[in-house]
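The values are calculated or read from the model by the stated rules, or taken from the named source; none is laboratory data. This is a predicted model, so every value here is computed, not measured. Note: ideal-geometry Cβ built from the backbone for every residue, glycine included; neighbour counts use all protein chains shown. Areas reflect the complete protein model, heavy atoms only, side chains present, ligands, DNA and RNA absent. Shrake-Rupley method; radii C 1.70, N 1.55, O 1.52, S 1.80 Å.
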Amino acid sequence: PKVYKALPKCLTNITTLLPKRTDKDIFLQAALPVIASHMPNVTIPHNDGNYSPDIYSLVFAKPGAGKGVAEKARKLGQHLNDKLLEESRKDMARWESLPKKEREQTPKPIQKQLFLPGNTSSRALYDFLQINDGRGLIFETEIDTLINAARQDWGDFTDVIRKSFHHEPISLRRKTDDMYIERPE
């Protein structure tokens with residue numbers, strides 16, 4: 001109860017609409033990582049470095065226990081995700097309108113977005129992070145999505161998640177390209 005009274009008004013307004021205490025708790029727990037993903041320039045000093053306010057959150061409960069309210073928190077990031085997608089569409093349209101010769105000399109724009117899919121390959125996660133300046137949010141309502149991806153040879157990106165927690169650099173070297181992300185979040 002004290003926590004909800006101390007929240008910013010926008011979150012207080014939302015949580016008052018949720019009837020049960022467990023709904024409020026699940027919503028808030030799911031909302032914090034979404035809100036943190038909107039603060040790319042915020043860092044918090046710690047004794048071993050500066051950290052972003054990124055939060056890893058997981059809600060465990062039996063099926064039908066009300067975890068679905070977490071999906072409402074995802075909507076807090078929808079506007080930013082839509083904005084990034086729209087900017088990417090405009091960049092692509094500008095690139096496509098270039099004369100053919102100029103287009104061949106100009107790198108093709110890459111689509112940015114806030115939400116990164118949990119059902120992805122390790123390489124695709126690296127690509128997403130590189131495109132998004134090292135930032136992204138995996139928001140899945142079912143843990144099975146992440147577990148199943150991690151069980152695949154192509155999908156085990158748990159090392160990237162662990163390194164990102166401490167903003168440790170991640171790198172990738174393949175025959176055809178290299179990738180280095182200084183500070184993943």
In the range 1-70, trypsin sites (Lys or Arg not before Pro) in a DSSP loop with at most 16 other beta-carbon atoms within 10 Å: Lys20
Calculate, for the chain, the solvent-accessible area per residue in square angstrom, rolling a 1.4 angstrom probe over the heavy atoms of the protein chains. 66 Å²
per DSSP, antiparallel bridges as share of beta bridges in the chain, % nearest 5, sits at 80 percent
At a threshold of 8 angstrom on Cα-Cα distance, excluding pairs fewer than six apart, so keeping six or more, what relative contact order does the chain reach in percent? 16 percent
Where the accessible area of the chain is counted over protein heavy atoms with a 1.4 Å probe, how much of it, in %, is carbon and sulfur? 55 percent
Nitroxide proxy distance, nm - points 7 Å out along Cα→Cβ at Thr43 and Tyr4: 3.7 nm
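Given a cut-off of 28 Å, name the pairs among Lys9/Lys90; Lys24/Lys62; Lys9/Lys72 whose C-alpha atoms lie farther apart than that in the structure shown. Let's see the in-between values first.
Details: Lys9/Lys90 34 Å; Lys24/Lys62 17 Å; Lys9/Lys72 17 Å.
Beyond 28 Å: Lys9/Lys90.
Mean separation of Cα pairs under 8 Å and 6+ residues apart, divided by the residue count of the range 1-87: what relative contact order is that in percent?
Numbers: 68 pairs, mean separation 26.4, N = 87.
Rounded, it is 30 percent for the range 1-87.
Could you work out the per residue convex hull volume over the alpha carbons of the range 41-124, in cubic angstrom?
198 Å³
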Highest mean first, how do 38-48, 165-175, 70-80 rank when packing is the count of other Cβ atoms within 10 Å averaged over residues? 70-80, 165-175, 38-48
Around Asp177, with a cut-off of 13 angstrom between Cβ atoms, what is the net charge of the other residues, counting Lys and Arg +1 and Asp and Glu -1? +2
Neighbours of Leu114 by Cβ distance under 11 Å: Lys/Arg at +1, Asp/Glu at -1, summed charge +3
Could you list the square roots of 5 times each eigenvalue of the Cα gyration tensor of the chain, that is, the equivalent ellipsoid semi-axes, sorted largest first and rounded to whole Å? 32, 20, 18
